[in-house]
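Contents: one structure, followed by commentary.
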Amino acid sequence: MKNIKIIIDASGSMGEDEKNAVVKYLLNGMFNSIRYNSLDISLSLFQWGTETKPIDNFEKTKIIFAGKTSEEGLEVLENYTNNQDSIILISDGNYESNVVGKIKKLSDSILPIFVGVDANRTILQDISTNKKVYSVVDFVQALFDA
């Protein structure tokens, strides 16, 4: 069974313009796709922001979108990931430049899904292993590619 790590950008900008509702839609869609299509995939969820932590039960967990993503949060994520893991990053890509290089070091396989009309797709494309950035409606393709 393949385990895919899902990292949710929980910065304040992700709480704007109903992006948090889109994140919930994505997570529900991913879990339902796996459940109803009998895919041999498991998902591990993490929030990255003011508080960076694993999410044990996404249906009962409320993600707090506040503050900004940080290098310290990436150091926490390093404890849960390795270069062989496939990572799906759900984000608007609004990062400071010092963070981009550290994100790339989390895995050899990073697939970003952009959220919001203000998403910085250029930064997300730079982070992406295959230089592809997925839209919200392409989440199933992101799962297969991961």
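The values are calculated or read from the model by the stated rules, or taken from the named source; none is laboratory data. Quantities reported herein were computed from a predicted structural model and do not represent experimental measurements. Cβ placement follows ideal geometry from the backbone for every residue including glycine, while neighbour counts extend to all protein chains displayed.
Quick notes
- Filtered residues of the range 13-25 (kept if among the aliphatic types (A, V, I, L, M) and either farther than 16 Å from I64 by Cα or at pLDDT below 90 (or both)): A21
- Filtered by the rule that a residue be touching a helix residue (DSSP H, G or I) at 6+ places or on another chain (Cβ under 8 Å) and within 26 Å of Q141 (Cβ to Cβ), the range 75-98 gives I88, L89, I90, S91, D92, G93, N94, Y95.
- Tally of residues being under 29 Å from E71 (Cβ atoms) and not in a loop (DSSP other than H, G, I, E, B) across the range 26-53: 11
- Residue match in the range 88-105 (condition: in contact with a Lys or Arg (Cβ under 6 Å, 6 or more places away or on another chain), at pLDDT 95 or above and of a type in the set (A, V, I, L, M)): no
- Looking only at residues of the range 56-102 that are of a type in the set (G, A, S) and under 15 Å from the mean Cα position of the chain (by Cα), we find that the one that is surrounded by the fewest Cβ atoms within 10 Å (Cβ to Cβ) is S70.
- Unmet requirement for V23, which otherwise passes all of (1) in contact with a helix residue (DSSP H, G or I) (Cβ under 6 Å, 6 or more places away or on another chain); (2) more than 19 Å from I103 (Cα to Cα); (3) not small (G, A, S): (1)
- Residue within the range 34-41 that is among the charged types (D, E, K, R), at pLDDT below 90 and surrounded by fewer than 19 Cβ atoms within 10 Å (Cβ to Cβ) present: yes
- Every residue from the range 66-80 that is at pLDDT below 90 and not in a helix (DSSP H, G or I): A66, G67, K68, T69, S70
- D138 vs. criteria exposed (fewer than 13 other Cβ atoms within 10 Å of the Cβ), in contact with a strand residue (DSSP E or B) (Cβ under 9 Å, 6 or more places away or on another chain) and not hydrophobic (A, V, I, L, M, F, W, C): no
- Qualifying residues in the range 106-146 (those that are acidic (D, E) and in a loop (DSSP other than H, G, I, E, B)) - the one farthest from G12 (Cα to Cα): D108
- Among all positions in the range 90-104, there is no residue which is small (G, A, S), in contact with a Pro (Cβ under 6 Å, 6 or more places away or on another chain), farther than 22 Å from R35 by Cα and outside any strand (DSSP E or B).
- Residues satisfying the stated conditions in the range 121-135, i.e. of a type in the set (S, T, Y) and surrounded by 15 or more Cβ atoms within 10 Å (Cβ to Cβ): S128, T129, Y134
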